[in-house]
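The values are calculated or read from the model by the stated rules, or taken from the named source; none is laboratory data. Computed from a prediction, not measured in an experiment: that's the story for all the values here. Every residue, glycine among them, receives a Cβ derived from its backbone with ideal geometry; neighbour counts consider all protein chains shown. The protein model used for the area step is the full one, side chains on, heavy atoms only, and it has no ligands, DNA or RNA in it. Shrake-Rupley method; radii C 1.70, N 1.55, O 1.52, S 1.80 Å.
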Amino acid sequence: MKLIVGLGNPGAKYARNRHNIGFMALDRIASDHGFGPWKGKHQGSISEGRFGSDRAVLLKPETFMNLSGQSVQAAMRFYKLEPSDVIVLHDEIDLAPAKVKCKTGGGHAGHNGLRSIHAHIGPEYDRVRLGVGHPGHKDAVPGFVLRDFPKADEVWLDDVLRGISDGAADLAAGDTSKFLNAVAMRVNPPRSSTGTKRPKPVEKTAPPEQAPAAEAAKSPMQKLMERFK
């Protein structure tokens, strides 16, 4: 069983923030894969379901971002899970928009949600880093991640969320290569080849039946002159 956590802040005010891309991803997974209705449990919202025969629980902590670890720890205790059973999807300012990468363990890089999870369960859990871009200066980061995605980002954002949903079963199974390939197929779909071989030019020749007719049309004098050319 896997506990798949999406990070964000609760409430309509934050729903479309860059910081809430983790919530958005879980909403798409739950909808596309027929998971159960969202219920308030473990200081968050959970939705339960399966990828084939594999059971999974989706968790959106509602403690606000900087206390996310409390909710994750509570859910882990209830389901008797280890950190290796946890997958966290979160916004990543150090990745360009639409870039997605996976990692296990390591630091929290100043992300308040990850910092809290580290403090409660340690660092040895899986993460899916969802690129949202960087504002250019570290002082601008808080305002940047707490602003909504602009309309110009809607196309790539929808592609990323669809790709995450497409590959969710592979992610839960631990096959990150297949998962990332599913995302890539949405973000950068293969282009159909436009190069086609040109047909060989057809030589124009008179139909065979026309040659005797042309010969028959010649006068006896023309035929005689051609013999001595």
Next item on the list: Just check segment 11-118 against the gyration tensor rule for me: Cα atoms, a ≥ b ≥ c as the square roots of the eigenvalues, rounded for a/c under 1.5, and otherwise prolate or oblate depending on whether a/b exceeds b/c.
Entry: rounded
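Sorted by mean Cβ packing within 10 Å, highest first, what order do the peptides 72-80, 4-12, 135-143 take?
Working: 72-80: 17.2, 4-12: 21.7, 135-143: 10.9.
Ranking, from highest mean packing down: 4-12, 72-80, 135-143.
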Item checked: 1.4 Å probe accessible area per residue over segment 116-181, in Å² -> 48
Note to self: If I stretch the segment between A140 and K178 completely, what's the gain in nm (0.36 nm per residue apart, minus their alpha carbon distance), one decimal?
What the structure shows: 10.2 nm
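Name the shape class, rounded, prolate or oblate, that the alpha-carbon gyration tensor gives for segment 74-183, where a ≥ b ≥ c are the square roots of its eigenvalues, rounded holds for a/c under 1.5, and otherwise prolate holds if a/b is larger than b/c and oblate otherwise. It would help to have the intermediate numbers written out before the result.
Details: a/c = 2.14, a/b = 1.23, b/c = 1.75.
The shape class here is oblate.
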Margin query: With a 1.4 Å probe and all protein chains left in place, how much accessible area per residue does segment 1-115 have, in Å²?
Written below: 44
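Between S53 and R191, what length in nm is gained on full extension when 0.36 nm per residue of separation is reduced by their alpha carbon distance? Write out the running numbers ahead of the final one.
Details: separation 138, 0.36 × 138 = 49.68 nm, distance 3.41 nm.
Fully extending the segment from S53 to R191 adds 46.3 nm.
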Notebook entry, point to check: So, in Å, what gap is there between the alpha-carbon centers of segment 1-42 and segment 46-121?
Noted result: 11
Item checked: Net charge of Cβ neighbours under 10 Å - reference F179; Lys, Arg +1; Asp, Glu -1 -> -2
Notebook entry, point to check: If you count, for each residue, the other Cβ atoms within 10 Å and average over each peptide, how do 16-28, 176-188, 154-166 line up from highest to lowest?
Noted result: 16-28, 154-166, 176-188
Notebook entry, point to check: Based on the alpha-carbon gyration tensor of segment 137-185 and its eigenvalue square roots a ≥ b ≥ c, which shape applies: rounded if a/c is under 1.5, prolate if not and a/b is larger than b/c, or oblate?
Noted result: prolate
